[in-house]
Amino acid sequence: MSVVLETTLGDITIDLYHEERPTACKNFLFLCAVKYYNFCLFHSIQTNFIAQTGDPTGTGRGGESIYRELYGEQAKYFDMEKKPYIKHRKRGAVSMVNNSNNQHGSQFFLTLSSNLDSLDGIHTVFGEVVDGWDVLDKINIAVVDRDYRPYHDLRIIHTVILSNPFKIPSSLDIPERSPSPTIERVKSSMIAFDEMFDEDRIEGKTDDEIKDYIEEKEAQARAQILELIGDLPEVESSLEYPENFS
């Protein structure tokens with residue numbers, strides 16, 4: 001079970017633990033299928049710790065599971081899977097974010113270092129990075145503010161399902177191709193993802209001055225993201241799934 005995250009820094013391939021974490025993997029895979037993660041920001045990056053994404057609002061306070069669409073409001077979040085016990089042992093572990101009630105929605109993170117014991121038993125590891133380590137390296141050195149929000153506009157642009165052992169429910173609306181985002185979705189006051197970050201321009205500046213500098217780049221960052229839309233591949237439509245949805 002594999003998925004490619006196409007990001008503004010390059011591609012990351014993830015293998016999912018579909019046998020050990022079926023609930024989390026179905027949630028992640030079905031969200032990828034409906035293109036929920038397209039244009040999600042990496043809204044929090046802590047060097048040598050984690051890179052968090054999966055919130056369409058880009059605030060770190062949004063997102064919901066696919067089960068809400070399938071089963072209603074009461075399924076907006078789902079319970080974390082505790083057995084078997086899987087540790088955040090590897091760099092590149094992929095884990096669902098605990099929303100503080102031992103439940104998960106759509107947000108997840110990639111570990112940027114190994115043996116992060118403080119995360120064990122709190123968040124649900126459901127996969128691992130198997131390719132795209134250079135992209136992980138670039139994410140790890142992103143320049144961030146005091147809230148760990150990157151100054152650069154770093155996003156997931158597209159998700160591609162390489163293999164899937166689960167049947168996608170017919171009630172889900174699977175787009176024929178990646179939909180174009182709204183201006184509100186890609187609106188950003190961050191520096192364009194492919195522009196060099198000029199640290200000399202912000203050294204010694206106040207938060208307001210840094211904000212002014214970043215906002216100068218808003219139009220360019222937005223244009224860079226929108227330009228990518230025309231290059232997105234068609235959504236894969238030839239995948240075959242087993243008859244039983246389990």
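Only the coordinates and a few stated rules stand behind these numbers; no lab work does. Just so you know, these numbers come straight off a predicted model, no measurement behind them. Methodologically, a virtual Cβ is constructed for each residue, glycine included, from the backbone with ideal geometry; neighbour enumeration extends over all protein chains shown.
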Notebook entry, point to check: Tell me, in nm to one decimal, what length is gained between residue 187 and residue 89 on full extension, where the rule is 0.36 nm per residue of separation less the Cα-Cα distance?
Noted result: 31.7 nm
Check: Sequence-distant or interchain residues sharing an amide H contact under 5 Å with residue 123, placed H: which?
Finding: none
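So if each residue of separation counts as 0.36 nm, and I subtract the Cα-Cα distance between residue 11 and residue 59, what length gain in nm does that give?
15.0 nm
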Notebook entry, point to check: Quick one: if the Förster radius is 35 Å, what FRET efficiency do residue 141 and residue 174 give, using the C-beta to C-beta distance and rounding to 0.05?
Noted result: 0.45
Check: Taking H as built 1.01 Å from N, whose amide H comes closer than 5 Å to the amide H of residue 157, not counting residues under 5 places away?
Finding: 6, 7, 8, 39
Item checked: Peptides 108-114, 158-164, 141-147, 77-83 ordered by average Cβ neighbours within 10 Å, highest first -> 108-114, 158-164, 77-83, 141-147
Item checked: Given 76/138; 35/187; 76/187; 35/167; 26/187; 83/138, the pairs whose alpha carbons are separated by over 23 Å -> 76/138; 76/187; 26/187; 83/138
Next item on the list: Give a residue-ordered list of calculated ³J(HN,Hα) values for the range 151-158 (Karplus: 6.51 cos²θ - 1.76 cosθ + 1.60, θ = phi - 60°; whole Hz; x for Gly, Pro).
Entry: 6, 7, 7, 10, 9, 7, 8, 7
Margin query: I need the peptides 32-42, 3-13, 53-63 ranked by packing, meaning the mean over residues of other C-beta atoms within 10 angstrom, with the highest value on top.
Written below: 32-42, 3-13, 53-63
Note to self: Considering only C-alpha atoms, what is the centroid distance from the range 12-46 to the range 65-134, in Å?
What the structure shows: 9
